[in-house]
Amino acid sequence: MDSTCSSESIYNLIPIDWKEPPQPPRYISVFKTSVKEDMQKFKTAMKTMGPPKVEVPSPKDFLKKHSKEKTLPPKKAFDRNKPKKPPVPLRTDHPVMGVQSEKNFINTNAANVIMEVAKKPKPIYVDKRTGDKHDLETSGLIPKHINKKDYGVTPKYICQRNEEVKKAQEEYDNYIQEKLRKAAMKRLSDEEREAVLQGLKKNWEEVHKEFQSLSIFIDSIPKRMRKQKLEEEMKQLEYDIGVIEKHKVIYIANK
């Protein structure tokens, strides 16, 4: 009997009230609290809309009358008879006459110019014929750094870091050697690895030669199975050759 006929029933024609499935819980990020705290920490007044959160003034500090008026300086006594300017010289007053200096200003200035050290011109450079002048000291064109004593010397922190990396690598190698010794693992020598690699390549050539000698028409099941078997062997040999060529160090378990 057909399975579709067995599931038919008159009760299936009665409409069933469809119930809406409950919605999954709303996603809430685990970083919500930290982000909110950071927002409140770096938030300044009037950065967003709304009044700034500032301290409410105390009711005791209310604005008093005349508290914002500027205070005038204290009054000074005014004397009308006090002169404001020095008196005008009298007609009988005469200036001091006949005072002369024996200093020869021309010779003094000439001697100062002769004995003065000549000023060195400021080194400049111009990028083109009609270009602006630029300071040569700060341009980087003068080889200042190569004349330093420590130029080209490896910094101490890099040498220390290299030593730490080398020491960590040695400790890791010793740890691996100890683990391999405890696990009774043997490392293949270069001669053994090369012999295994050449043997795998020779086997691949033999299988490939046998694969090339197959007939063109694969019209039977035995021929198809033989071809599939040779392809699998070649694929496995190619994988083994690639693994050995990729890894220079190979460990095998001691029997």
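The values are calculated or read from the model by the stated rules, or taken from the named source; none is laboratory data. Note that the structure is predicted; figures quoted are calculated from it, not measured. Please note: Cβ atoms are built from the backbone with ideal geometry, for glycine as well, and neighbour counts cover all protein chains shown. Heavy atoms of the whole protein, side chains included, go into the accessibility calculation; ligands, DNA and RNA do not. Shrake-Rupley method; radii C 1.70, N 1.55, O 1.52, S 1.80 Å.
Checking the cross-link filter: which lysines have an alpha carbon closer than 16 Å to that of K182, excluding same-chain neighbours under 8 positions apart?
K255
Using alpha carbon centroids, what distance separates the stretch 223-255 and the stretch 48-100, in Å?
The two parts, judged by their Cα centres, are 103 Å apart.
In degrees between 0 and 90, to the nearest 10, how far off the longest principal axis of the chain does helix 221-246 point, with axes built from Cα atoms?
Between the helix axis and the principal axis of the chain, the angle is about 40 degrees.
Nearest 0.05, what FRET efficiency do K223 and V196 give at R0 = 30 Å with Cβ-Cβ as r?
After rounding, the FRET efficiency stands at 0.40.
Taking a threshold of 24 Å on the Cα-Cα distance, which of the pairs K201/K229; K202/K229; K43/K68 fall above it?
K43/K68, as the Cα separations exceed 24 Å there.
Ranked highest first by average number of other Cβ atoms within 10 Å, how do 230-243, 118-131, 153-166, 19-32 line up?
Ranking the peptides 230-243, 118-131, 153-166, 19-32 by packing returns 230-243, 153-166, 118-131, 19-32.
What lysines sit close enough to K84 to cross-link, taking a C-alpha to C-alpha distance under 21 Å and skipping anything fewer than 8 places away on the same chain?
Here the lysines satisfying the reach criterion relative to K84 are K75, K76.
In what order, largest first, do V54, V96 sit by accessible area if the probe radius is 1.4 Å?
V96, V54
Which of the three applies to the stretch 186-252, rounded, prolate or oblate, going by the alpha-carbon gyration tensor with a ≥ b ≥ c and a/c under 1.5 meaning rounded?
prolate
Kindly sort D173, D132 by accessible area of their heavy atoms, largest first, with the probe set to 1.4 Å.
Working: D173 70, D132 110 Å².
Reading off the accessible areas and sorting them downward yields D132, D173.
With each pseudo-label sitting 7 Å past Cα toward Cβ, what's the D150-I10 distance in nm, one decimal?
10.2 nm
Would you work out the charge dipole size for the stretch 186-252 about its Cα centre, treating the Cβ of every Lys and Arg as +1 and the Cβ of every Asp and Glu as -1, and quote it to the nearest 20 debye?
For this selection, approximately 180 debye.
Using a 1.4 Å probe on the protein heavy atoms only, what accessible surface does F42 show? Give it in Å² to the nearest 10.
Accessible surface of F42 is approximately 150 Å².
For the chain, give the magnitude of the charge dipole about the Cα centre (Cβ charges: +1 Lys/Arg, -1 Asp/Glu; no others), in debye to the nearest 20.
Dipole of the chain, to the nearest 20 debye: 3000 debye.
May I ask for the angle, rounded to the nearest 10°, between helix 156-182 and the longest principal axis of the chain, with both axes built from Cα atoms and the value confined to 0 to 90°?
20 degrees
Rounded to the nearest 500, what is the 222 nm mean residue ellipticity of the chain from helices alone, with -39500 (n - 2.57) per DSSP H run of 4+ residues and division by all residues?
Dividing the helical sum by the residues of the chain leaves -13500 deg cm²/dmol.
Given a 1.4 angstrom probe, I'd like the percentage of the accessible area of the stretch 1-152 that is carbon and sulfur, rounded to a whole number.
Carbon with sulfur: 60 percent of the solvent-accessible area.
Just report the Cα centroid separation between the stretch 14-46 and the stretch 152-211, whole Å.
53 Å
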